[in-house]
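The values are calculated or read from the model by the stated rules, or taken from the named source; none is laboratory data. Treat the numbers as computed from the prediction; the structure is a model and nothing was measured. Methodologically, a virtual Cβ is constructed for each residue, glycine included, from the backbone with ideal geometry; neighbour enumeration extends over all protein chains shown.
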Amino acid sequence: MNWVLSLSKGLLKALNTRYAAFFFTSNHVILDTLPVFSKRISRFVARRAPGNKPAQDLKNLILRSGEEWHDMVHNRTSRSYASFYMLERNQQGRIDPQSIMPDRNSKPRLSKDERTCLKILDLENEDLSSDSLMVKIRHAYKKMAKRYHPDVGGDAEKFKQLSRAHEQMLIWAENPQYTSRKALEDCWSYDGSTNRWSPPL
């Protein structure tokens, strides 16, 4: 699939695509494109061939559309007109352009050591997105300290690990790191500004 999506980049550039989305059903493969100069989506559709995987059907759709574009240019049609003609012919005014503009999906980025610290404090990844993260870290530390503090018969080594985990996660909370990517639910998404496809969420 990655190779076929990479193959599509030439066609998407020719169509001056800002965003695109690819998905498939049991009967069709669908490539929606939103050009830079338009607020309307153009939908390229091909019927699935029996026994073919979606990647093969998408490849056929891309090659057929690319050949049509090249034929027009070869017959002395300007590149911009060839693109405009293909986009206009496939335009779908009923599809909301926002539907193929990917949301930014962010999640906390932790080192292996920080993930261990999170586990020691008995905190979840979801807790890291809380507005009261510092409070949660301190509360988790106090709760675990009651169990591991040497003065109450706890394990001195585990208490040392707990104290270190507490300090590490407070440092992370002061300057949290996140990884983010743009993606769509249930379909591959293309961003023309980076010329990259992202897998579905």
Considering the stretch 66-104, residues that are of a type in the set (Val, Ile, Thr) and in contact (Cβ under 8 Å) with a residue 12 or more places away in the chain, and then whichever is surrounded by the fewest Cβ atoms within 10 Å (Cβ to Cβ), we arrive at Ile95
*Does the stretch 148-158 contain at least one residue that is surrounded by fewer than 16 Cβ atoms within 10 Å (Cβ to Cβ) and closer than 30 Å to Tyr19 by Cα?*
no
Selection from the stretch 57-109 of residues of a type outside the set (Val, Ile, Thr), more than 19 Å from the chain's Cα centre (by Cα) and not in a helix (DSSP H, G or I) yields Asn75, Arg76, Ser78, Asn90, Gln91, Gln92, Gly93, Arg94, Asp96
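Conditions (1) acidic (Asp, Glu); (2) in contact with a Cys (Cβ under 9 Å, 6 or more places away or on another chain); (3) more than 30 Å from Gly192 (Cα to Cα), marked per residue:
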position: Leu110; (1), (2), (3): no, yes, no
position: Glu114; (1), (2), (3): yes, no, yes
position: Leu121; (1), (2), (3): no, no, yes
position: Glu126; (1), (2), (3): yes, no, yes
position: Ser130; (1), (2), (3): no, no, yes
position: Val135; (1), (2), (3): no, no, yes
position: Lys142; (1), (2), (3): no, no, yes
position: Ala145; (1), (2), (3): no, no, yes
Filter pass, Ser189 being small (Gly, Ala, Ser), modelled with pLDDT of 85 or more and not in a loop (DSSP other than H, G, I, E, B): yes
Of Ser163, Ser129, the only residue that is touching a Pro at 6+ places or on another chain (Cβ under 8 Å) and among the polar types (S, T, N, Q) is Ser129
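Quick check on this structure: which one of Asp131, Asp122 is over 27 Å from the mean Cα position of the chain (by Cα) and not in a helix (DSSP H, G or I)?
Details: Asp131 fails: over 27 Å from the mean Cα position of the chain (by Cα).
Asp122 is the lone residue from the list that is over 27 Å from the mean Cα position of the chain (by Cα) and not in a helix (DSSP H, G or I).
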When every residue in the stretch 1-56 that is surrounded by 14 or more Cβ atoms within 10 Å (Cβ to Cβ) and among the hydroxyl-bearing types (Ser, Thr, Tyr) is compared, the one farthest from the chain's Cα centre (by Cα) is Ser38
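Within the stretch 143-186, work out how many residues are outside any helix (DSSP H, G or I) and of a type outside the set (Phe, Trp, Tyr).
In the first step, residues of the stretch 143-186 are kept if they are outside any helix (DSSP H, G or I); the result is 149, 153-155, 175-186.
Checking the rest, the ones that are also of a type outside the set (Phe, Trp, Tyr) come to 149, 153-155, 175-177, 179-186.
Selection size over the stretch 143-186: 15.
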